[in-house]
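Presented below is the structure to which this report refers.
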Amino acid sequence: MLIFSHWFWSVLSFFFAALWLWTFLRQHREKKKKLPSVSTDQNYIEAEDALKAAYHLHEKKKDWDSKDLSLILGISDNLTNGLVDVLIDFKWAKKERKGKLHLTEKGKQRGRELIRAHRLWEKYLVTRKGMSLDEVHSEANRVEHEITSEELEKLDNELGYPAWDPHGQFISEPDGKTMSLPKHSLSEAWQSGSRMRIVSLNDEYSPLLAQLVALGLKPGVDVELVNRKQNILSLRIDDKNIPIAEITANHIFVAPSPILPMPLGELPIGSRAQVTDIKGGGKHQRRMLDMGFVPGAEISVIRKAPLGDPIEYRVKGTAVALRQKDADTVLVEELNDK
Amino acid sequence: MTNKKRIVVGMAGNPNVGKSAIFNALTGSRQHVGNWPGKTIERAEGIFHQDNYEINLVDLPGTYSLAAQSLEEIVARDYIISGEPDVILNVVDATSLERNLNLTLQITELTDKVVVALNLMDEIQRQGSEINVEKLEKSLGVPVIPTIAVEGQGLSELAESIISIATEKHQHRPIAVDYGITVQEYAKDLETDMTNLGIYERNHWIALRLLEDDPEVVNAFKEGNLASFCTDKKTLDVSVDALNKVLKRATRLRESIRPDARIEIVRRRYELAHDIFHRVVRILRPIEQTSTERVDRIVTHRIWSWPITLMIIVVVLWITIKGANVPSDLLASGFGWLADVSRSFLVNQHAPWWLIGALVDGLIVGTCTVIAVMLPPMIIFFTAFNLMEDIGFIPRIAFNLDRLMRAVGSQGKHTLVALMSFGCNVTGVLTSRIIENPKDRIIAIVTSPLVICNGRFGAGLALIILFFGNQALLVTLIYLVISVAAVLLATLVLNHLFFRQEPGGFVMELPPYRTPKWGQVIWRTLVHQVGHTMSRAVIIAAPATFIIWLLGNLPAGAPFEHTAVGRLVAVLAPMGKPFGLTGEMLTALLFTLPAKEIVVPSLAMTYGLQTTLVDSRAILDYLAQSWTSLTAFSFLTFFMLYLPCLVTVWATWKETRKLKWIAMSLFVPLVIASLITFVVYQGGLLLGL
């Protein structure tokens, strides 16, 4: 009988052995492929950090190479080259002629996501957890890799769709729309006697950041540029003279004052402002537009409700009450002169 | 000429601009005129005659826009597009002309048969500003008639203007909004595309809506059915593919408009409104000095707002409960006399006992008891409430309390619904329409039975005074607090159960304070609130009391235990045990479902003291002897919260059209009432009361 013949058993065992080998190899291959997508993996985090740096480069100039990247990251060329290879492996970047690099659409998308996550998380830590400006950067650097896009949207909603992170950097919309502001570093923009508003601080060097914040050099603050002697720049904030080194000034970004739009909800009672943009989209945005909150409209802040929220605004000749969270979706420029 | 020509006029305008006042003044049948936005949501119609024309007015919901973002906007826009109205009458608030023109310019984009009624001209004078009507007319390109609706000024001119627009041969050319080169050019591209497909109607308008990403229009293109925007049948033949192609192109064009097509289009329209406003309005006095500002400084003050709000609510409730006593007694004795007269009349006619019983003791007495107890407090409460509303105080309460309501996931306007529910839960449920947010609206409806209405307060007060004498006020306050806490708790729970994902929001206009128009306040109170509620109450109460009488007296001549009521008492008895409630009480509570006011007479029936709902003195004496204060307190607690009355259930159905929410509006109060009563009773037992 066939069932008891040796042939039968050897064919069967061979068959199972082959099956086992095949599945083992397949699993192994999948494991290998899967590795990078485990988001907590150290390599992956490094790769994403590199991507972020590359994204900043991409925003600043058209052509860049691994040398630029190694300068920003502050690591050796060899290490950087390894990272560049990883970026290319992930299809985040592409190599072009003469070693020039450029980001793919996928890379840009992920880079934007990371930066958005970073800034939103910083905003969260400062406004909700009460952490100070110089503490939040490293914390955000960790979280940005782990947070999912749903969690991010929820956070965005909870925070009232903030437009600015605590360092004064713009938080882009999920689709990547950013408002480009003409900003220059303080030393570039120097013009003795002029007034500038601090738009953002370079948040990569926390010791420096802490020092700047301690000096009162925070985003949103107006500074008067007094004079410049050799490498020392002298600024004035509220009748206080502050001398800083030119090299420090490179990390402070300013724009002609006042240009920085701020959320309507943060305006003090009695002030007036002009609308520059309405965020949020959808029905809410449309409703705000129809109530008269259109770019260019003048708004005065009348009063807060007894419990601090909602806030009454006067717009287009009518009084409208809005919750602060809703008001924050309206970006305004404060008007100072009557 | 007997054959009058018919003109159909649609009335559109922002909320709270006196649209309803003009409607009432023209048609004679008055309608609710409120001082807070968003009141008229149903379509109201009225007819009036002028010269040889029969003019049919259709009141559209008040909207800030025709953007089709809310049900009201869709209703208004669809009606204007439908081609049914010959003329659109746009009522405009002269005191906030710029914002109002946003809607006007959207209307003139749809039709050129528009008449603008520039209302509240008296107020703008009081504010110290001037409007050059002639210039406004020229700027807009449509006739503008200044009116003061509440005084009837300018109305005949308005009617004449409507007729001349409806019959005129030559067309008006309303001003067109300049949307800027990019948008205009893109719109023209899309128009050409549509013309090539054979769509000629409202091309420009549709193109703009496509660029704006208007949900309705985009959907119509997706589905390939433009029937709701074009009357021409030929457009129905256009293939879905062709329309989708246009849509695709529109999407691409929209994305290339920077920074945002939607914002740009509204901004341009407002820019024109701003221009017109500055051309025609002269402001003589800054807004900061108006009396509204001065009053608001106190009413919304960080500290003073609280005593003021609380005082006004307490005073209104106190006047209602106190002031209703005398007329209620008078009405009761009047109806008693009526019952006696009809009884003796029927006896004289040798009518059989069951007919006399059913008619007199069931129908007349039952219905009259409801009227006598309900009517006076309702009139007083609603007059007071409407007065507050007309003055403009009510929106401030919403403003003050929004933060508080946000803590439980609702919003300021919910407090207005709850306040109204103090008068009557039915009116409260109907008032929920002022809330645009569907989630908050549903919650307001479902929680409104938890507010102790006048009916329950009035009827319960008799028992409270009987059992707690000097402490009646304290006990009443305790029930108020329980009720408010129950509303807050239920709101929190409902939010967590059903609406965890949905965003809240609070956007509300704060209208200026106005001197109340007494005539309108009283009319609105009597006709629209008291009249409606009472007639509904009677419609439901009459058959219910009739059935209750039958239950209490059948089979004829049987001892109490063997009547239907007696049996019901026995069946229900075990259910009430843990709450300290007897079968008699539960049966009485069942009987009070048509109207909570008849609780005391119902008790009389279920305790077998009498067979009708007539007199309540005997039962009060009986209860005072047989109930302990704990029993009374448990019973009252349950009674105050247990279930909405049948009329409220009916109103809930009308407003939500979902069995789910009906079920919730029954379930939530029942659970909360059971819980609290259980705690009260068992706690009382533990304390040895």
- [ ] Please find, within region A:51-84, the residue that is surrounded by the most Cβ atoms within 10 Å (Cβ to Cβ) out of those that are over 22 Å from residue A:144 (Cα atoms) and among the hydrophobic types (A, V, I, L, M, F, W, C).
- [x] A:64
TODO: State all residues of region B:655-679 that are in a helix (DSSP H, G or I) and without any contact (Cβ under 8 Å) to a residue 60 or more places away in the chain; if no residue qualifies, say none.
DONE: B:659, B:660, B:662, B:663, B:666, B:667, B:670, B:671, B:673, B:675, B:679
Open item on the list: Going by what's in this entry, would residue B:425 be described as assigned by TED's automatic domain parsing to the domain that holds residue B:374, among the polar types (S, T, N, Q), surrounded by fewer than 22 Cβ atoms within 10 Å (Cβ to Cβ) and touching a residue at least 40 places away in the same chain (Cβ under 8 Å)?
Closed with: no
- [ ] Answer yes if at least one residue in region A:89-103 is loosely packed, with under 12 Cβ neighbours inside 10 Å, on the phi < 0 side of the Ramachandran plot and within 25 Å of the chain's Cα centre (by Cα), and no otherwise.
- [x] yes
- [ ] Mind listing whichever residues of region B:134-172 are touching a helix residue (DSSP H, G or I) at 6+ places or on another chain (Cβ under 8 Å), surrounded by 14 or more Cβ atoms within 10 Å (Cβ to Cβ) and part of a helix (DSSP H, G or I)?
- [x] B:135, B:136, B:139, B:140, B:149, B:150, B:155, B:158, B:159
Task: Matching residues, region B:506-516, being surrounded by fewer than 19 Cβ atoms within 10 Å (Cβ to Cβ) and either away from chain A (no Cβ under 14 Å) or closer than 30 Å to residue A:159 by Cβ (or both) - done: B:515, B:516
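Quick grid of which residues meet (1) more than 29 Å from residue A:281 (Cβ to Cβ); (2) in the same structural domain as residue B:247 (by TED's automatic domain parsing); (3) assigned to a loop (DSSP other than H, G, I, E, B):
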| site | (1), (2), (3) |
| --- | --- |
| B:174 | yes, no, yes |
| B:185 | no, yes, no |
| B:189 | no, yes, no |
| B:200 | yes, yes, yes |
| B:204 | no, yes, no |
| B:209 | no, yes, no |
| B:218 | no, yes, no |
| B:222 | no, yes, no |
- [ ] Determine whether residue B:472 is aliphatic (A, V, I, L, M), assigned to a helix (DSSP H, G or I) and under 26 Å from residue B:667 (Cβ atoms).
- [x] no
Open item on the list: Return the residues of region B:551-574 that are modelled with pLDDT of 80 or more, under 42 Å from the mean Cα position of the chain (by Cα) and not charged (D, E, K, R); say none if nothing qualifies.
Closed with: B:551, B:564, B:565, B:566, B:568, B:569, B:570, B:571, B:572, B:573, B:574
Open item on the list: For region B:503-542, give me each residue that is part of a loop (DSSP other than H, G, I, E, B), in contact with a Pro (Cβ under 8 Å, 6 or more places away or on another chain) and not aromatic (Phe, Trp, Tyr).
Closed with: B:510, B:511
Open item on the list: Checking the conditions here, which among B:109, B:98 is surrounded by fewer than 23 Cβ atoms within 10 Å (Cβ to Cβ), touching a Phe, Trp or Tyr at 6+ places or on another chain (Cβ under 6 Å) and more than 12 Å from chain A (Cβ to nearest Cβ)?
Closed with: B:109
- [ ] Identify the single condition in (1) exposed (fewer than 13 other Cβ atoms within 10 Å of the Cβ); (2) more than 30 Å from residue A:281 (Cα to Cα); (3) within 14 Å of chain A (Cβ to nearest Cβ) that residue B:304 does not satisfy, given that it satisfies every other one.
- [x] (1)
Open item on the list: On the basis of being surrounded by fewer than 23 Cβ atoms within 10 Å (Cβ to Cβ), of a type in the set (Asp, Glu), at the interface with chain B (Cβ under 7 Å from one of its Cβ atoms) and within 23 Å of residue B:394 (Cβ to Cβ), does residue A:309 make the cut?
Closed with: yes
Open item on the list: Scan region B:224-232 and tell me whether some residue there is in contact with a Lys or Arg (Cβ under 8 Å, 6 or more places away or on another chain) and more than 13 Å from chain A (Cβ to nearest Cβ).
Closed with: yes
Task: Residues of region B:402-429 satisfying the condition of being out of contact with any Asp or Glu (no Cβ under 7 Å at 6 or more places or on another chain) and away from chain A (no Cβ under 14 Å) - done: B:417, B:418, B:419, B:420, B:421, B:422, B:423, B:424, B:425, B:426, B:427, B:428
Task: Test: residue B:91 is assigned to a strand (DSSP E or B), more than 14 Å from chain A (Cβ to nearest Cβ), buried (at least 21 other Cβ atoms within 10 Å of the Cβ) and more than 26 Å from the chain's Cα centre (by Cα) - done: no
- [ ] Check B:593, B:603, B:609, B:613 and return the single one that is surrounded by 23 or more Cβ atoms within 10 Å (Cβ to Cβ), modelled with pLDDT under 90 and in a loop (DSSP other than H, G, I, E, B).
- [x] B:613
Task: Members of region B:442-467 found to be under 18 Å from residue B:418 (Cα atoms), part of a helix (DSSP H, G or I) and free of Cβ contacts under 8 Å to residues at least 60 places away in the same chain, listed by number - done: B:443, B:444
Open item on the list: Just to check your reading of the model, which residue among B:390, B:361 is under 30 Å from residue B:505 (Cα atoms) and part of a helix (DSSP H, G or I)?
Closed with: B:390
Open item on the list: Of the residues B:284, B:253, only one is away from every other protein chain (no Cβ under 12 Å) and in contact with a strand residue (DSSP E or B) (Cβ under 9 Å, 6 or more places away or on another chain); which?
Closed with: B:284
Task: Test set (1) surrounded by 17 or more Cβ atoms within 10 Å (Cβ to Cβ); (2) free of Cβ contacts under 8 Å to residues at least 24 places away in the same chain; (3) within 24 Å of residue B:103 (Cα to Cα) - residue A:296 fails condition number - done: (1)
TODO: Scan (1) at pLDDT 90 or above; (2) over 21 Å from residue A:317 (Cβ atoms); (3) within 14 Å of chain A (Cβ to nearest Cβ) for the single condition residue B:207 breaks and write down its number.
DONE: (3)
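The values are calculated or read from the model by the stated rules, or taken from the named source; none is laboratory data. These figures come from a predicted structure and were not determined experimentally. Glycine gets a Cβ as well: all are built from the backbone with ideal geometry, and neighbour counts include every protein chain shown.
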